[in-house]
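J.: Structure in structure tokens, see below.
What follows draws every value from the coordinates through simple rules; no lab data is involved. All values derive from a computational prediction rather than experimental measurement. Counting neighbours? That spans all protein chains shown, and the Cβs are built from the backbone with ideal geometry, glycine included.
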């Protein structure tokens, strides 16, 4: 089977919203391929890193960077966030080579995985990039930022779903040297810029004591070009709100107190980040892709196995994790809601729907 | 057992690093205490090949001026305001040669202003000795409007930039030289916790 046959052909929806009237929803196909993160009926921190670029046909794990039905909506949301707060994209000056590395990786990956939507022509250092979904066709000179409307990192990450951070590697340490961060789960790029690996993970409870970050850092320092890795992370978000940034917490924090027994199925969303890491060839930096997927509880319980398992995960979750992830206030409603769908039957191994 | 947030900076007592060929000490207010200890250690070590200079701003705490003047022979410069000290520091660092050692003592806000000036001059932060003296007040950056409040002594304060009541976290940015503060009543507007002097 060729690589292209294994990759989902996304039926891109017209623009939906992640704020105000929240028109975002998942089609039945999008629900089936949602990256449900729990492979057993409980959850605890783990490094859980595995090779990326191998995954079931059509799944979010098959392409290097998943493009799905929400493409236009997420690109528009990013544009709106940047319009209000341009500081959500920032790269330190010494990372220009890594910016070009990022542009090359994203353009070549998208053109390979989705040739119906993206096309890259390279004629020496004269490159032509075509993004048919956004109606973009630009010719530019590789390594000459003046030939693009934005710096190369911002130019390409404005056209790809998910957040991205750029990490320089020096003295056996990774640094937060840049990023495009508009759909984050409550961390601030502007504040964390320049931090080392331990510093930017500072606020995460428990994991430091467990030695998780030491192991993860050691692993990532040895990441090889062409051998990307991935892991899943998760939290809960009220409304399908992409921009749960600390910058705007004073605007969205109130949502958490508005969840009730009646509206929890509609309002509470499982938020999953598909995090993948790629070594960049020239700069030796690492690009970290944080691709966010949102699914309402109403949508999630259409898969009986997930409803049972998610109920058990919530019931057995350590309270300090619910606090850190910010949903302890409305978690009782979540558990009550999910309990209706848990008949106590065993769940099958793996994360796939039955 | 590791406790607390990992980005929180660690300070330690200033000690003469005798591998240096020139030593620049910068202090404010109660940072004079660190100068006294440094100079005693210097005299005890005795290093005729090197020399040190002191830049000192007394701030509101003027009781240390006499002590500092006595300490440092002709090597001390006392400034009436911080801006004057900062501009002289920037000039000294721009003209500095290899072998310079930089030491800073004072409040956290002062320490990280000096680190920022040194970074501009090409010095890396880990080459600077830092000792916190006197107040535990924190420089804090509001995550909502980015305004930095210089000497925050309470767990919650009203941001002078955006007016929100914000809570001071332990999370610290070396690049900004500030802790982070986040809206404290976003989920329950108007419900403020008891405001306490925790960084006096």
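J.: What is the projected area of the convex hull of the Cα atoms of the stretch A:202-354, averaged over all directions, in nm²?
T.: Mean orientational projected area (the stretch A:202-354, Cα hull): 11.0 nm².
J.: Just counting partner chain Cβ atoms within 10 Å, what average do the residues of peptide B:181-188 show around their Cβ?
T.: Mean number of neighbouring Cβ atoms from other chains: 6.
J.: Determine the principal axes of the Cα atoms in the stretch B:106-200, then give the extent along each, sorted from largest to smallest and rounded to whole angstroms.
T.: Each principal axis gives a Cα extent; for the stretch B:106-200 these are 45, 26, 18 Å.
J.: On C-alpha positions alone, give me the angle between the axis of helix B:82-94 and the longest principal axis of chain B, in degrees, nearest 10.
T.: 60
J.: Can you tell me the order of A:156-162, A:43-49, A:344-350, A:246-252 when each peptide is scored by its average per-residue count of other Cβ atoms within 10 angstrom, highest first?
T.: A:156-162, A:246-252, A:43-49, A:344-350
J.: Going by a ≥ b ≥ c, the root eigenvalues of the Cα gyration tensor, does the stretch A:265-354 fall in the rounded group (a/c under 1.5), the prolate group (a/b larger than b/c) or the oblate group?
T.: Prolate.
J.: Could you work out the mean count of beta carbons from other protein chains within 10 Å of each residue's beta carbon in B:141-147?
T.: 4
J.: More than 27 Å apart: what percent of Cα pairs in chain B qualify?
T.: 35
J.: At a threshold of 8 angstrom on Cα-Cα distance, excluding pairs fewer than six apart, so keeping six or more, what relative contact order does chain A reach in percent?
T.: That works out to 21 percent.
J.: Further question: If you average the alpha carbon positions of the stretch A:310-354 and of the stretch A:73-135, how far apart do those two centres end up, in angstrom?
T.: Here the two parts' Cα centres lie 37 Å apart.
J.: Still on this model: Roughly how crowded by other chains is peptide A:188-195, in terms of the mean Cβ count from those chains within 10 Å of each of its Cβ atoms?
T.: The per-residue average across the peptide is 6.
J.: Something else about it: Hey, in the GNM for chain A with a 10 angstrom Cα cutoff, which one of A:134, A:274, A:294 fluctuates hardest?
T.: Its mean-square fluctuation being the largest, the pick is A:134.
J.: Add -39500 (n - 2.57) for each DSSP H run of 4 or more in chain B, then divide by its residues: what number comes out at 222 nm, to the nearest 500 deg cm²/dmol?
T.: Counting only the DSSP helices, I get -7500 deg cm²/dmol.
J.: Taking the 0 to 90 degree range and rounding to the nearest ten, how far is the long axis of helix A:212-221 tilted relative to the main principal axis of chain A, both from C-alpha atoms?
T.: 20
J.: Let me ask something additional. If one takes the longest principal axis of the Cα atoms in chain A, at what angle in degrees, from 0 to 90 and to the nearest 10, does the Cα axis of helix A:71-84 lie?
T.: Between helix and principal axis, roughly 80 degrees.
J.: I've got another one for you. When ranked by the protection proxy of mean other Cβ atoms within 10 Å per residue, highest first, what sequence do the peptides A:114-127, A:305-318 form?
T.: The peptides rank, most packed first, as A:305-318, A:114-127.
J.: In terms of the Cα gyration tensor, with a ≥ b ≥ c the square roots of its eigenvalues, is the stretch A:68-151 rounded because a/c is under 1.5, prolate because a/b exceeds b/c, or oblate?
T.: Note, shape of the stretch A:68-151 comes out oblate.
J.: Anyone know which of B:80, B:68, B:166 comes out most mobile in the 10 Å Cα GNM of chain B?
T.: Taking springs between Cα atoms under 10 Å, the residue moving most is B:80.
J.: Now, a different point. When DSSP beta bridges are limited to those with both residues in the protein assembly as shown, what percentage is antiparallel, rounded to the nearest 5?
T.: Given both bridge residues lie in the protein assembly as shown, the antiparallel proportion sits at roughly 70 percent.
J.: Tell me what chain A gives for mean residue ellipticity at 222 nm when only DSSP H runs of n ≥ 4 count, each as -39,500 (n - 2.57), the sum divided by the residue total, rounded to 500 deg cm²/dmol.
T.: Here the helix-only value at 222 nm equals -7500 deg cm²/dmol.
J.: Once the cut-off is 24 Å, how many percent of the Cα-Cα pairs in the stretch B:22-132 end up in the long-distance tail?
T.: Percent of Cα pairs beyond 24 Å in the stretch B:22-132: 17.
J.: Further question on the same structure: Based only on Cα atoms, what mean projected area does the convex hull of the protein assembly as shown have, in nm²?
T.: Result: a mean projected hull area of 28.8 nm².
J.: I'd like the distance separating the alpha-carbon centroids of the stretch B:100-177 and the stretch A:1-70, in whole Å.
T.: Their Cα centres are 41 Å away from one another.
J.: Under the classification rounded if a/c is under 1.5, otherwise prolate if a/b is larger than b/c and oblate if not, where does the stretch A:207-257 fall, given a ≥ b ≥ c as square roots of the Cα gyration tensor eigenvalues?
T.: In terms of gyration-tensor shape, prolate.
J.: Please report, largest first and rounded to whole Å, the three semi-axes of the ellipsoid equivalent to the stretch A:142-222, where each semi-axis is the square root of five times an eigenvalue of the C-alpha gyration tensor.
T.: 28, 15, 10
J.: Also, I was wondering about something else. At 7 Å along Cα-to-Cβ for each site, give me the label-to-label distance between residue B:200 and residue B:75 in nm.
T.: 3.6
J.: Between residue A:142 and residue A:302, what FRET efficiency comes out of the Förster formula 1/(1 + (r/R0)^6) with R0 = 41 Å and r the beta carbon distance, rounded to 0.05?
T.: 0.35
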